[in-house]
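For reference, the structure is listed below as C-alpha coordinates.
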Amino acid sequence: MSAFENRLKASLDKRKEQGLYRTLKAPNNLIDFCSNDYLGFSRSEELKQRISQFSVDDYQRLNGSTGSRLISGNYAFAEQLEKEIAQFHGVEAGLIFNSGYDANVGLISAIARKTETVFYDELIHASVHDGMRMAQAECIPFKHNDVTDLEAKLQRADGNPLIVIESVYSMDGDFAPLNELVKLCSKYDARLIVDEAHAVGVFGENGAGRVVELGLEKDVYARVVTFGKALGCHGAIVLGDELLRDYLINFARSFVYTTAMPIHGLISIKCAYDILSYKKDNKFKISNLYSYFKQKVKTIPELSLIESDSQIQSVIVSGNDRARQFAAQVQADGFDVKPLVSPTVPAGTERIRVCIHSFNTKEEIDGLVNSLAKAIYNL
Ligand SMILES: Cc1ncc(COP(=O)(O)O)c(C=O)c1O
(Lines give C-alpha, C1' and ligand atoms only; values in the text may rest on other atoms or scores of the structure.)
Protein backbone atom coordinates (compact mmCIF):
# COMPACT_ATOMS: atom_id res chain seq x y z
CA MET A 1 0.00 0.00 0.00
CA SER A 2 1.25 3.51 -0.80
CA ALA A 3 1.82 6.11 1.93
CA PHE A 4 -1.40 7.77 0.82
CA GLU A 5 -3.48 4.62 1.18
CA ASN A 6 -1.76 3.84 4.48
CA ARG A 7 -2.89 7.21 5.73
CA LEU A 8 -6.51 6.58 4.71
CA LYS A 9 -6.45 3.19 6.36
CA ALA A 10 -4.84 4.54 9.55
CA SER A 11 -7.61 7.16 9.83
CA LEU A 12 -10.28 4.48 9.46
CA ASP A 13 -8.51 2.21 11.97
CA LYS A 14 -8.36 5.06 14.44
CA ARG A 15 -12.09 5.59 14.06
CA LYS A 16 -12.70 1.90 14.70
CA GLU A 17 -10.54 2.03 17.86
CA GLN A 18 -12.50 5.07 19.06
CA GLY A 19 -15.80 3.33 18.32
CA LEU A 20 -16.70 6.01 15.77
CA TYR A 21 -16.51 3.99 12.56
CA ARG A 22 -19.43 4.71 10.26
CA THR A 23 -21.09 2.19 7.93
CA LEU A 24 -24.14 2.35 5.71
CA LYS A 25 -27.05 0.22 6.85
CA ALA A 26 -29.76 -1.36 4.71
CA PRO A 27 -33.29 -0.07 5.38
CA ASN A 28 -35.17 -2.02 8.04
CA ASN A 29 -38.81 -2.67 8.86
CA LEU A 30 -38.67 -1.24 12.35
CA ILE A 31 -41.14 1.41 13.54
CA ASP A 32 -39.71 4.76 12.52
CA PHE A 33 -38.66 6.88 15.49
CA CYS A 34 -35.55 8.32 13.89
CA SER A 35 -36.23 9.83 10.46
CA ASN A 36 -36.91 13.49 9.69
CA ASP A 37 -40.07 12.52 7.81
CA TYR A 38 -42.05 14.30 10.52
CA LEU A 39 -45.37 14.44 8.67
CA GLY A 40 -44.99 11.19 6.72
CA PHE A 41 -44.88 13.09 3.40
CA SER A 42 -42.11 10.89 2.01
CA ARG A 43 -44.48 7.92 2.19
CA SER A 44 -47.70 9.82 1.46
CA GLU A 45 -49.94 8.31 -1.24
CA GLU A 46 -51.70 11.66 -1.54
CA LEU A 47 -48.41 13.38 -2.36
CA LYS A 48 -47.39 10.62 -4.76
CA GLN A 49 -50.67 10.96 -6.65
CA ARG A 50 -50.48 14.74 -6.82
CA ILE A 51 -46.95 14.51 -8.20
CA SER A 52 -47.90 11.93 -10.84
CA GLN A 53 -50.94 13.93 -11.94
CA PHE A 54 -49.10 17.23 -12.12
CA SER A 55 -48.88 18.64 -15.58
CA VAL A 56 -46.32 21.16 -16.75
CA ASP A 57 -44.67 21.27 -20.20
CA ASP A 58 -41.09 20.92 -18.97
CA TYR A 59 -42.10 17.84 -16.98
CA GLN A 60 -43.06 15.99 -20.16
CA ARG A 61 -39.99 17.29 -22.02
CA LEU A 62 -37.07 16.82 -19.64
CA ASN A 63 -35.51 14.25 -17.37
CA GLY A 64 -32.48 16.12 -16.08
CA SER A 65 -32.17 19.87 -15.80
CA THR A 66 -29.23 20.00 -18.29
CA GLY A 67 -27.07 22.57 -16.49
CA SER A 68 -26.80 25.15 -13.75
CA ARG A 69 -29.58 27.69 -13.30
CA LEU A 70 -27.34 30.33 -14.85
CA ILE A 71 -26.50 28.33 -18.00
CA SER A 72 -29.34 26.08 -19.16
CA GLY A 73 -31.13 24.70 -16.07
CA ASN A 74 -33.55 27.49 -15.19
CA TYR A 75 -37.33 27.17 -15.62
CA ALA A 76 -40.16 29.65 -15.32
CA PHE A 77 -41.62 26.98 -13.05
CA ALA A 78 -38.67 27.24 -10.62
CA GLU A 79 -38.95 31.01 -10.41
CA GLN A 80 -42.71 30.87 -9.93
CA LEU A 81 -42.27 28.24 -7.21
CA GLU A 82 -39.71 30.41 -5.43
CA LYS A 83 -42.24 33.24 -5.38
CA GLU A 84 -45.00 31.00 -4.06
CA ILE A 85 -42.80 29.53 -1.32
CA ALA A 86 -41.60 33.00 -0.31
CA GLN A 87 -45.21 34.15 -0.06
CA PHE A 88 -46.11 31.08 2.00
CA HIS A 89 -43.41 32.06 4.52
CA GLY A 90 -44.34 35.77 4.46
CA VAL A 91 -41.17 37.08 2.84
CA GLU A 92 -40.24 38.94 -0.33
CA ALA A 93 -38.11 36.40 -2.20
CA GLY A 94 -36.46 33.00 -2.20
CA LEU A 95 -33.77 31.06 -4.01
CA ILE A 96 -33.85 27.27 -4.27
CA PHE A 97 -30.71 25.24 -3.60
CA ASN A 98 -30.15 21.53 -4.20
CA SER A 99 -30.02 20.75 -0.48
CA GLY A 100 -30.07 22.39 2.93
CA TYR A 101 -26.36 21.71 3.12
CA ASP A 102 -25.81 23.66 -0.11
CA ALA A 103 -28.10 26.45 1.07
CA ASN A 104 -26.19 27.02 4.31
CA VAL A 105 -22.77 26.68 2.71
CA GLY A 106 -23.74 29.02 -0.14
CA LEU A 107 -25.48 31.61 2.00
CA ILE A 108 -22.91 31.90 4.79
CA SER A 109 -19.83 31.77 2.59
CA ALA A 110 -21.27 34.39 0.22
CA ILE A 111 -22.45 37.00 2.71
CA ALA A 112 -19.82 36.71 5.47
CA ARG A 113 -17.02 38.81 3.98
CA LYS A 114 -14.07 40.44 5.78
CA THR A 115 -16.33 43.32 6.80
CA GLU A 116 -18.64 41.00 8.80
CA THR A 117 -18.35 39.04 12.04
CA VAL A 118 -20.39 35.85 12.36
CA PHE A 119 -21.75 34.81 15.75
CA TYR A 120 -23.06 31.27 15.78
CA ASP A 121 -24.73 29.07 18.36
CA GLU A 122 -22.30 26.37 19.47
CA LEU A 123 -24.84 23.70 18.44
CA ILE A 124 -25.29 25.00 14.90
CA HIS A 125 -25.47 22.45 12.09
CA ALA A 126 -22.32 21.20 10.33
CA SER A 127 -23.40 22.83 7.05
CA VAL A 128 -23.12 26.28 8.66
CA HIS A 129 -19.66 25.35 9.93
CA ASP A 130 -18.66 24.42 6.40
CA GLY A 131 -20.03 27.72 5.09
CA MET A 132 -17.98 29.52 7.74
CA ARG A 133 -14.84 27.66 6.68
CA MET A 134 -15.26 29.15 3.22
CA ALA A 135 -16.19 32.60 4.54
CA GLN A 136 -13.73 35.46 4.96
CA ALA A 137 -15.36 36.77 8.14
CA GLU A 138 -14.21 36.14 11.68
CA CYS A 139 -16.58 33.52 13.19
CA ILE A 140 -17.26 33.42 16.93
CA PRO A 141 -19.32 30.77 18.76
CA PHE A 142 -21.63 31.61 21.64
CA LYS A 143 -23.00 29.28 24.30
CA HIS A 144 -26.09 27.39 23.25
CA ASN A 145 -29.17 29.64 23.44
CA ASP A 146 -27.29 31.96 25.81
CA VAL A 147 -28.29 35.52 24.96
CA THR A 148 -26.09 36.97 27.73
CA ASP A 149 -22.99 35.28 26.35
CA LEU A 150 -23.92 36.44 22.85
CA GLU A 151 -24.40 40.03 23.99
CA ALA A 152 -21.02 40.07 25.74
CA LYS A 153 -19.44 38.93 22.47
CA LEU A 154 -21.45 41.36 20.33
CA GLN A 155 -20.14 44.25 22.45
CA ARG A 156 -16.62 43.37 21.36
CA ALA A 157 -17.45 42.82 17.67
CA ASP A 158 -15.56 44.66 14.98
CA GLY A 159 -17.43 43.82 11.77
CA ASN A 160 -21.11 44.00 10.85
CA PRO A 161 -22.63 41.29 13.02
CA LEU A 162 -24.41 38.27 11.52
CA ILE A 163 -26.03 35.88 13.99
CA VAL A 164 -26.69 32.32 12.84
CA ILE A 165 -29.02 30.01 14.73
CA GLU A 166 -31.53 27.17 14.28
CA SER A 167 -35.12 27.81 15.33
CA VAL A 168 -35.49 24.19 16.52
CA TYR A 169 -32.18 22.52 17.25
CA SER A 170 -31.64 19.21 15.53
CA MET A 171 -29.74 17.61 18.38
CA ASP A 172 -31.68 18.79 21.46
CA GLY A 173 -35.04 19.66 19.89
CA ASP A 174 -35.20 22.89 21.90
CA PHE A 175 -36.24 26.30 20.56
CA ALA A 176 -33.96 29.27 20.01
CA PRO A 177 -35.03 32.33 22.06
CA LEU A 178 -36.08 34.12 18.86
CA ASN A 179 -37.79 37.11 20.48
CA GLU A 180 -34.75 37.91 22.61
CA LEU A 181 -32.40 37.41 19.69
CA VAL A 182 -34.44 39.82 17.57
CA LYS A 183 -34.20 42.45 20.34
CA LEU A 184 -30.47 41.97 20.51
CA CYS A 185 -30.20 42.31 16.74
CA SER A 186 -31.98 45.63 16.78
CA LYS A 187 -29.78 46.87 19.68
CA TYR A 188 -26.52 45.91 17.93
CA ASP A 189 -27.66 46.39 14.34
CA ALA A 190 -27.09 42.70 13.68
CA ARG A 191 -28.68 40.50 11.00
CA LEU A 192 -30.34 37.30 12.12
CA ILE A 193 -30.13 34.14 10.00
CA VAL A 194 -32.44 31.33 11.04
CA ASP A 195 -32.21 27.72 9.91
CA GLU A 196 -35.77 26.38 10.07
CA ALA A 197 -34.94 22.84 8.92
CA HIS A 198 -36.68 21.19 11.88
CA ALA A 199 -39.43 23.76 12.40
CA VAL A 200 -41.12 23.86 9.02
CA GLY A 201 -44.16 21.62 8.75
CA VAL A 202 -44.45 21.39 12.53
CA PHE A 203 -44.65 24.99 13.83
CA GLY A 204 -46.39 28.15 12.65
CA GLU A 205 -49.53 28.65 10.61
CA ASN A 206 -49.76 25.84 8.02
CA GLY A 207 -46.34 24.70 9.23
CA ALA A 208 -44.62 27.86 7.95
CA GLY A 209 -42.05 27.70 10.77
CA ARG A 210 -41.18 29.34 14.09
CA VAL A 211 -40.44 32.75 12.58
CA VAL A 212 -44.01 32.93 11.26
CA GLU A 213 -45.40 31.48 14.49
CA LEU A 214 -43.84 34.36 16.43
CA GLY A 215 -44.64 37.01 13.79
CA LEU A 216 -40.96 37.84 13.24
CA GLU A 217 -40.91 37.74 9.44
CA LYS A 218 -39.75 41.34 9.20
CA ASP A 219 -37.11 40.99 11.92
CA VAL A 220 -35.20 38.09 10.45
CA TYR A 221 -32.70 38.79 7.68
CA ALA A 222 -32.66 35.33 6.10
CA ARG A 223 -34.18 31.92 6.68
CA VAL A 224 -33.13 28.50 5.42
CA VAL A 225 -35.99 26.08 4.86
CA THR A 226 -35.19 22.51 3.85
CA PHE A 227 -37.51 20.26 1.84
CA GLY A 228 -36.01 16.91 2.85
CA LYS A 229 -37.52 16.75 6.32
CA ALA A 230 -41.21 17.47 7.03
CA LEU A 231 -41.88 18.12 3.33
CA GLY A 232 -40.68 14.63 2.43
CA CYS A 233 -38.84 15.81 -0.72
CA HIS A 234 -35.33 17.16 -1.30
CA GLY A 235 -33.65 20.56 -1.62
CA ALA A 236 -33.94 23.85 0.25
CA ILE A 237 -34.68 27.53 -0.15
CA VAL A 238 -33.01 30.63 1.24
CA LEU A 239 -35.68 33.21 2.06
CA GLY A 240 -34.96 36.93 2.28
CA ASP A 241 -35.31 40.09 0.24
CA GLU A 242 -34.78 40.54 -3.51
CA LEU A 243 -31.35 42.06 -2.95
CA LEU A 244 -30.20 38.96 -1.07
CA ARG A 245 -31.64 36.68 -3.78
CA ASP A 246 -29.87 38.63 -6.49
CA TYR A 247 -26.62 38.58 -4.50
CA LEU A 248 -26.79 34.80 -3.97
CA ILE A 249 -27.46 34.19 -7.67
CA ASN A 250 -24.19 36.01 -8.29
CA PHE A 251 -22.00 34.92 -5.38
CA ALA A 252 -23.25 31.71 -3.73
CA ARG A 253 -20.86 29.13 -5.13
CA SER A 254 -23.06 26.15 -4.23
CA PHE A 255 -25.78 27.76 -6.36
CA VAL A 256 -23.66 28.93 -9.28
CA TYR A 257 -21.45 25.89 -9.83
CA THR A 258 -23.90 23.02 -9.77
CA THR A 259 -26.51 21.43 -12.01
CA ALA A 260 -29.97 22.72 -11.14
CA MET A 261 -32.55 20.55 -9.45
CA PRO A 262 -34.52 18.59 -12.06
CA ILE A 263 -38.12 19.53 -12.74
CA HIS A 264 -39.36 16.36 -10.97
CA GLY A 265 -37.80 17.61 -7.73
CA LEU A 266 -39.43 21.02 -8.13
CA ILE A 267 -42.83 19.48 -8.81
CA SER A 268 -42.55 17.31 -5.69
CA ILE A 269 -41.81 20.41 -3.63
CA LYS A 270 -44.71 22.33 -5.19
CA CYS A 271 -47.13 19.46 -4.42
CA ALA A 272 -45.82 19.08 -0.85
CA TYR A 273 -46.43 22.80 -0.21
CA ASP A 274 -49.94 22.48 -1.67
CA ILE A 275 -50.72 19.74 0.83
CA LEU A 276 -49.14 21.70 3.67
CA SER A 277 -51.42 24.64 2.84
CA TYR A 278 -54.70 22.77 3.21
CA LYS A 279 -53.93 19.87 5.51
CA LYS A 280 -53.86 21.40 8.93
CA ASP A 281 -54.40 18.35 11.11
CA ASN A 282 -50.86 16.93 10.76
CA LYS A 283 -49.47 19.65 12.98
CA PHE A 284 -51.95 18.93 15.75
CA LYS A 285 -51.43 15.19 15.48
CA ILE A 286 -47.70 15.53 15.89
CA SER A 287 -47.91 17.94 18.82
CA ASN A 288 -50.38 15.66 20.62
CA LEU A 289 -48.03 12.75 20.09
CA TYR A 290 -44.84 14.37 21.34
CA SER A 291 -46.69 15.69 24.39
CA TYR A 292 -47.95 12.13 24.98
CA PHE A 293 -44.40 10.76 24.64
CA LYS A 294 -43.04 13.29 27.16
CA GLN A 295 -45.82 12.60 29.62
CA LYS A 296 -45.19 8.84 29.42
CA VAL A 297 -41.40 9.15 29.80
CA LYS A 298 -41.82 11.39 32.82
CA THR A 299 -43.52 8.52 34.68
CA ILE A 300 -40.21 6.62 34.56
CA PRO A 301 -37.70 8.40 36.82
CA GLU A 302 -34.71 6.48 35.39
CA LEU A 303 -35.27 8.01 31.95
CA SER A 304 -33.78 11.45 31.65
CA LEU A 305 -35.10 13.65 28.83
CA ILE A 306 -33.55 16.83 27.45
CA GLU A 307 -36.19 19.55 27.91
CA SER A 308 -37.84 20.09 24.53
CA ASP A 309 -41.28 21.10 23.29
CA SER A 310 -40.82 19.75 19.81
CA GLN A 311 -40.99 16.49 17.91
CA ILE A 312 -37.29 15.90 18.68
CA GLN A 313 -36.93 14.25 22.09
CA SER A 314 -33.67 12.94 23.50
CA VAL A 315 -33.12 10.38 26.22
CA ILE A 316 -29.71 10.84 27.81
CA VAL A 317 -27.62 7.68 28.19
CA SER A 318 -24.12 8.93 28.88
CA GLY A 319 -21.14 7.11 27.35
CA ASN A 320 -20.73 6.10 23.73
CA ASP A 321 -20.82 2.36 24.40
CA ARG A 322 -23.79 2.63 26.75
CA ALA A 323 -25.74 4.73 24.23
CA ARG A 324 -25.03 2.17 21.49
CA GLN A 325 -26.01 -0.80 23.69
CA PHE A 326 -29.15 1.00 24.77
CA ALA A 327 -30.16 1.75 21.16
CA ALA A 328 -29.45 -1.85 20.12
CA GLN A 329 -31.82 -3.14 22.80
CA VAL A 330 -34.60 -0.80 21.75
CA GLN A 331 -34.05 -1.73 18.09
CA ALA A 332 -34.29 -5.42 19.04
CA ASP A 333 -37.80 -4.63 20.35
CA GLY A 334 -38.77 -3.33 16.89
CA PHE A 335 -38.27 0.44 17.27
CA ASP A 336 -35.91 2.33 15.01
CA VAL A 337 -33.95 4.71 17.21
CA LYS A 338 -30.36 5.79 16.74
CA PRO A 339 -27.68 6.63 19.29
CA LEU A 340 -25.97 10.03 19.07
CA VAL A 341 -22.49 9.74 20.47
CA SER A 342 -19.65 12.12 21.23
CA PRO A 343 -18.08 14.08 19.56
CA THR A 344 -21.31 14.65 17.55
CA VAL A 345 -22.86 15.60 20.91
CA PRO A 346 -20.83 16.77 23.94
CA ALA A 347 -19.31 13.94 26.02
CA GLY A 348 -21.63 13.05 28.88
CA THR A 349 -24.75 13.93 26.87
CA GLU A 350 -24.73 10.89 24.59
CA ARG A 351 -28.29 10.01 23.86
CA ILE A 352 -31.02 8.27 21.95
CA ARG A 353 -32.75 10.84 19.79
CA VAL A 354 -36.40 10.00 19.34
CA CYS A 355 -38.18 11.73 16.46
CA ILE A 356 -41.95 11.65 16.77
CA HIS A 357 -44.00 11.69 13.56
CA SER A 358 -47.62 12.47 12.83
CA PHE A 359 -48.03 8.87 11.61
CA ASN A 360 -46.82 7.26 14.83
CA THR A 361 -49.61 5.93 17.04
CA LYS A 362 -50.09 6.13 20.80
CA GLU A 363 -49.73 2.34 20.92
CA GLU A 364 -46.36 2.59 19.19
CA ILE A 365 -45.29 5.26 21.66
CA ASP A 366 -46.43 3.07 24.58
CA GLY A 367 -44.35 0.23 23.16
CA LEU A 368 -41.34 2.48 22.66
CA VAL A 369 -41.48 3.89 26.20
CA ASN A 370 -41.78 0.36 27.67
CA SER A 371 -38.76 -0.64 25.62
CA LEU A 372 -36.77 2.42 26.74
CA ALA A 373 -37.62 1.63 30.36
CA LYS A 374 -36.57 -2.01 29.96
CA ALA A 375 -33.33 -1.01 28.25
CA ILE A 376 -32.34 1.46 30.97
CA TYR A 377 -32.88 -1.19 33.69
CA ASN A 378 -30.74 -3.66 31.72
CA LEU A 379 -27.79 -1.34 31.19
C1 LIG B 1 -30.40 22.19 10.99
C2 LIG B 1 -30.09 21.60 9.65
N3 LIG B 1 -29.73 22.42 8.65
C4 LIG B 1 -29.42 21.95 7.44
C5 LIG B 1 -29.46 20.60 7.17
C6 LIG B 1 -29.08 20.11 5.82
O7 LIG B 1 -30.23 19.88 5.05
P8 LIG B 1 -30.20 18.82 3.87
O9 LIG B 1 -30.35 17.48 4.50
O10 LIG B 1 -31.35 19.23 3.00
O11 LIG B 1 -28.90 18.96 3.18
C12 LIG B 1 -29.86 19.71 8.17
C13 LIG B 1 -29.96 18.25 7.89
O14 LIG B 1 -29.28 17.43 8.35
C15 LIG B 1 -30.16 20.22 9.45
O16 LIG B 1 -30.49 19.40 10.46
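The values are calculated or read from the model by the stated rules, or taken from the named source; none is laboratory data. This is a predicted model, so every value here is computed, not measured. Quick reminder, even Gly has a Cβ in these numbers, built from the backbone with ideal geometry, and neighbours come from all protein chains shown.
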Residue list for the range 239-254, filter: part of a helix (DSSP H, G or I) and either in the same structural domain as Gln311 (by TED's automatic domain parsing) or in contact (Cβ under 8 Å) with a residue 24 or more places away in the chain (or both): Glu242, Leu244, Arg245, Tyr247, Leu248, Ile249, Phe251, Arg253, Ser254
The listed residue being surrounded by fewer than 24 Cβ atoms within 10 Å (Cβ to Cβ) and either within 16 Å of the ligand (Cβ to nearest atom) or within 20 Å of Glu84 (Cβ to Cβ) (or both), out of Gly209, Gly228: Gly228
Sole residue being in contact with a helix residue (DSSP H, G or I) (Cβ under 8 Å, 6 or more places away or on another chain), in the same structural domain as Leu81 (by TED's automatic domain parsing) and more than 15 Å from the ligand (Cβ to nearest atom), chosen from Ala272, Ala236, Ala260, Ala222: Ala260
Any hit, the range 140-149, residues being more than 30 Å from Gly232 (Cβ to Cβ) and either basic (Lys, Arg) or touching a residue at least 24 places away in the same chain (Cβ under 8 Å) (or both): yes
Residues of the range 189-201 satisfying the condition of being near the ligand (Cβ under 10 Å from one of its atoms) and not in a strand (DSSP E or B): Glu196, Ala197, His198, Ala199
Any chance Met171 is within 16 Å of the ligand (Cβ to nearest atom), surrounded by fewer than 18 Cβ atoms within 10 Å (Cβ to Cβ) and of a type in the set (A, V, I, L, M): no
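Taking Ser186, is it within 13 Å of the ligand (Cβ to nearest atom), modelled with pLDDT of 95 or more, among the hydroxyl-bearing types (Ser, Thr, Tyr) and part of a helix (DSSP H, G or I)?
Working: within 13 Å of the ligand (Cβ to nearest atom): no; modelled with pLDDT of 95 or more: yes; among the hydroxyl-bearing types (Ser, Thr, Tyr): yes; part of a helix (DSSP H, G or I): yes.
Against the criterion (within 13 Å of the ligand (Cβ to nearest atom), modelled with pLDDT of 95 or more, among the hydroxyl-bearing types (Ser, Thr, Tyr) and part of a helix (DSSP H, G or I)), Ser186 does not qualify.
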Residue that is surrounded by the most Cβ atoms within 10 Å (Cβ to Cβ) [pool: residues in the range 276-324 that are among the hydrophobic types (A, V, I, L, M, F, W, C), closer than 18 Å to Val345 by Cβ and out of contact with any Ser or Thr (no Cβ under 8 Å at 6 or more places or on another chain)]: Val317
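Here's the yes/no breakdown for (1) touching a Pro at 6+ places or on another chain (Cβ under 8 Å); (2) outside the structural domain of Glu205 (by TED's automatic domain parsing); (3) under 21 Å from Ile31 (Cα atoms); (4) basic (Lys, Arg):
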site: Asn288; (1), (2), (3), (4): no, yes, yes, no
site: Lys294; (1), (2), (3), (4): no, yes, yes, yes
site: Ile300; (1), (2), (3), (4): no, yes, no, no
site: Leu303; (1), (2), (3), (4): no, yes, yes, no
site: Ser308; (1), (2), (3), (4): no, yes, no, no
site: Ser314; (1), (2), (3), (4): no, yes, yes, no
site: Gln325; (1), (2), (3), (4): no, yes, yes, no
site: Val337; (1), (2), (3), (4): no, yes, yes, no
site: Pro346; (1), (2), (3), (4): no, yes, no, no
Criterion (farther than 20 Å from Asp32 by Cβ and of a type in the set (Lys, Arg)) met by exactly one of Lys279, Lys294, Lys283, Lys298: Lys298
